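Below is one structure, written out as structure tokens; comments come after it.
The values are calculated or read from the model by the stated rules, or taken from the named source; none is laboratory data. What you see is a predicted model, and the numbers here were worked out from it, not measured in a lab. Quick reminder, even Gly has a Cβ in these numbers, built from the backbone with ideal geometry, and neighbours come from all protein chains shown. Protein only, heavy atoms only, side chains kept; ligands, DNA and RNA dropped before computing areas. Shrake-Rupley method; radii C 1.70, N 1.55, O 1.52, S 1.80 Å.
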Amino acid sequence: MIRIALRMLVGDRLKYIGLVAGLAFATLLITQQGSIFAGFTRRSGSWIRDTGQADLWIMDPQVEFTEDRKAMQDSALLKVRGVEGIEWAVPLYKSYVQARLQDGTRVVVRMIGLDDATLTGGPPIMEEGTLELLKQDRAILVDARDVDDGLRLRRGVGDDGPRELRVGDRVDLNEHETVVVGTFRRTREFFWDPVVYTTYSRALRMAPPERKSLGYVLARVKPGFDPYEVARRVEETTRLRADTSDDYEARSMDFILAKTGILPNFGITIALGFVIGVLISGQLLYNFILENQRAFAAMKAMGASNMLLLRMVFAQVLFAAFIGFGLGVGVTALVGQLLHDSKLAFHMAWQVPVFGGLAILVCCLIAAAISIQRVLRLEPAVVFKG
Amino acid sequence: MSASTSTRVAVSCRGVTKTFGEGENAVQALRGVDLEVLLGHMTMLVGPSGCGKTTLISVIAGILERSAGECTVLGEDTSRLPDRQRAAWRGRNVGFVFQALNLVPTLTAAENVAIPLLILGVDYKAALARAGVMLERVGLGARTRSLPAQLSGGQQQRIAIARALVHEPRLLVCDEPTSALDHETGHKVMELLREVAAGENRALIVVTHDSRIFSFADRIAHMDDGRVERIETPTRN
């Protein structure tokens, strides 16, 4: 009878398509918004992931997320290096500074200073030039993607019109002249300010003078040591905070979610998708059951038990949910794939289709529970009424 | 009643009443029906609208519970069975031809016919094969894959008959089987019922207003105001 139930469902093409389209639309709303939400939250950890060589991030205990600058004393670096289980540790500078381009364009940039000797913590992909070029005098690297928007000569220089920055261009950082020696690509971040890389010592020279200047210590754990155990030792020894990369990413994400309110904002849209799903699927299923109630009543008269009819209705609902969800999540994935290189924050984490699927399933079960009341209350004797 | 007659009794109703609603709104549809339906007979229930014919066949078929009286169908007092068992009993023993046919429009003729078998748990392919055989018997062997909308009224009625018989029930209940058909088609359907459905081991109850088919009956029970007023045995053509 399950096969008969499915034939009844798909046989009425118009209603079947309507039902599946409604569920696909609800799925699309839920999974697309879910994926964008996941994309935004993932972006909050982009810089940490891009700085992939370190196992541990050591910072002031009051630092709450990646853009939160609370500098430490330089001696922290030596203390970390002395902890058992640390293979190496390097300083990392990060701060917002004023940049002035050749045409007078002024923009705030995030300046990251890398350890002069090892250049550890540099950008993940060099597009033009090499990381080694940072060792040249006054050298900086600029973000090739930011060239498209943030770091752009808006008025142009000489005969040039507005154009992107390129190798050889001069940029004043906090009134210190620098030269672009290369461009890089990085993963898009939650925050939008352009990023420039330079060496740690040069960054300190260009930054406003401070008593404390060390933003982070990046450390690698020796093979065979547990990073969490080493992190605990670092915290005990230095009284600083030591996070694994994953922990720091999660902590940054939690802070941004808590402070920006994007969770309730996206949550409302996702909830709306759920409500729309319930309403659409509920109404269509109810109509479907209503139009087939004589058939169900006839089956009841012919000996079908309520349990059998329930199984039939649930089979119809689950089938429609499966197809609708498949289509919806497919379209979401397709849109994400097509726009993966755009500014759209899209990340279909495994949780998105799983929770999206559960949401659609719950939608359909609620709709089925409403519709099924009619089937259960059906009096088989109605089939004798003409 | 002789011993041989009693063994051939399919349905025995004594003083059956059925009341819908309660108090001032109560409507007494059956007011003490006495009726016997014999195996191998086609019994027609005739009478004016609202006289209780449909209620009576609903009670006999185990779809409605009577309010009072006794009714044994194929040796079983179905009112004593729990809902689920009563449904299973109907599935095994009763075939229905509904006035509105109640064919599922999105299913093929064979699938519609196979429904009673599928309800009984027969495998889909086996049920479809038996439905095909049944459709052959009613002259629709070539239309197994047709949808009801692609068939004429008479052909749809044949599908309904095939569906009612495919699981070989011992009681066949037909509600106004010719009401939507022209005279000629109605006659053909009744001939088909006599030819295919009637048998020593099966009882047919046909509810009808159509006096043109009375001649097909072995017995005619005239009902009025919730009672069987008289039973006659018509003369065959």
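Ignoring ligands, DNA and RNA, please state the percent of accessible area on the range A:73-239 from carbon and sulfur, probe 1.4 Å. Whole-percent figure for carbon plus sulfur exposure: 47. Extending 7 Å from Cα along the Cβ direction at A:Leu263 and again at B:Ala26 yields two label points whose distance is 6.3 nm.
Computed with every protein chain present, the accessible area of A:Lys70 is close to 60 Å² [probe 1.4 Å]. What is the set of long-range amide H partners of B:His41 at a cut-off below 5 Å, with H atoms built 1.01 Å from backbone N? It is B:Leu204, by chain and number. For a paramagnetic label modelled on A:Lys222 (point 7 Å from Cα along Cα→Cβ), amide N atoms under 15 Å away belong, within the range A:68-98, to A:80-89.
A straight chain from A:Met307 to A:Gln53 at 0.36 nm per residue would run longer than the Cα-Cα distance by 85.5 nm.
Computed from the Cβ-Cβ distance with R0 of 30 Å, the FRET efficiency linking A:Arg3 to B:Arg84 stands at 0.85.
Using the Karplus relation 6.51 cos²θ - 1.76 cosθ + 1.60 with θ = phi - 60°, the per-residue 3J(HN,Hα) values for the range A:325-332 come to 5, x, 5, x, 6, x, 5, 4 Hz, with x marking Gly and Pro. Under 5 Å between amide hydrogens, built in the peptide plane, is the criterion, and for B:Gly32 it picks out B:Val16, B:Thr17, B:Lys18 among residues at least 5 positions away or on other chains. Here the Karplus curve 6.51 cos²θ - 1.76 cosθ + 1.60, taken at θ = phi - 60°, turns the phi angles of the range B:142-153 into couplings of 8, 10, 4, 9, 7, 7, x, 5, 8, 10, 6, x Hz, with x standing for Gly and Pro. Rounded to the nearest Hz, the phi-derived 3J(HN,Hα) couplings of the range B:87-100 under the Karplus curve 6.51 cos²θ - 1.76 cosθ + 1.60 (θ = phi - 60°) are 4, 5, 4, 4, x, 7, 10, 10, x, 10, 10, 8, 4, 8, where x marks glycine and proline.
For the range A:73-239, DSSP calls about 75 percent of its internal beta bridges antiparallel. Only beta bridges with both residues in chain B are counted; by DSSP, about 55 percent of them are antiparallel. Helix A:262-291 and the longest principal axis of the Cα set of chain A meet at an angle near 20°.
Scanning residues 5 or more positions from B:Val173 or on other chains, those with amide H under 5 Å from its amide H are B:Gly95, B:Phe96, B:Val97, B:Ile205, with H placed 1.01 Å from N in the peptide plane. B:Thr185 contributes an accessible area of around 40 Å² to the protein surface, as traced by a 1.4 Å probe with all chains present. When each of the peptides A:226-234, A:168-176 is scored by the mean number of other C-beta atoms lying within 10 Å of its residues, the order from highest to lowest reads A:226-234, A:168-176. For chain B, the mean residue ellipticity at 222 nm estimated from helices alone is -9000 deg cm²/dmol, where every DSSP H run of n ≥ 4 contributes -39500 (n - 2.57) and the total is divided by all residues, rounded to the nearest 500.
Counts of other chain beta carbons within 10 angstrom of each beta carbon in peptide B:114-121 average 5. Only helices enter the 222 nm calculation for chain A: every DSSP H run of n ≥ 4 contributes -39,500 (n - 2.57), and dividing by all residues gives -16000 deg cm²/dmol, rounded to 500.
A simple spin-label model places pseudo-atoms 7 Å from Cα toward Cβ; at A:Asp160 and A:Asp193 they are separated by 2.4 nm.
Legend: distances between Cα atoms for A:Lys300/B:Lys188; A:Lys300/B:Lys18; A:Lys79/A:Lys259; A:Lys15/B:Lys188; B:Lys53/B:Lys188; pairs beyond 26 Å are A:Lys300/B:Lys188; A:Lys79/A:Lys259; A:Lys15/B:Lys188. If both residues of a DSSP beta bridge must be in chain A, then about 80% of such bridges are antiparallel. Can you bin chain A into rounded, prolate or oblate? Criterion: square roots of the alpha carbon gyration tensor eigenvalues sorted a ≥ b ≥ c, rounded for a/c under 1.5, prolate for a/b above b/c, oblate for the rest. Cα axes put chain A in the prolate bin. Taking all protein chains as they are arranged and a probe of 1.4 Å, the heavy atoms of B:His222 leave approximately 30 Å² accessible to solvent. Assuming R0 = 60 Å, what is the FRET efficiency of A:Val108 and A:Leu279, from their Cβ-Cβ distance, to the nearest 0.05? Step by step, r from the Cβ atoms, then E = 0.85.
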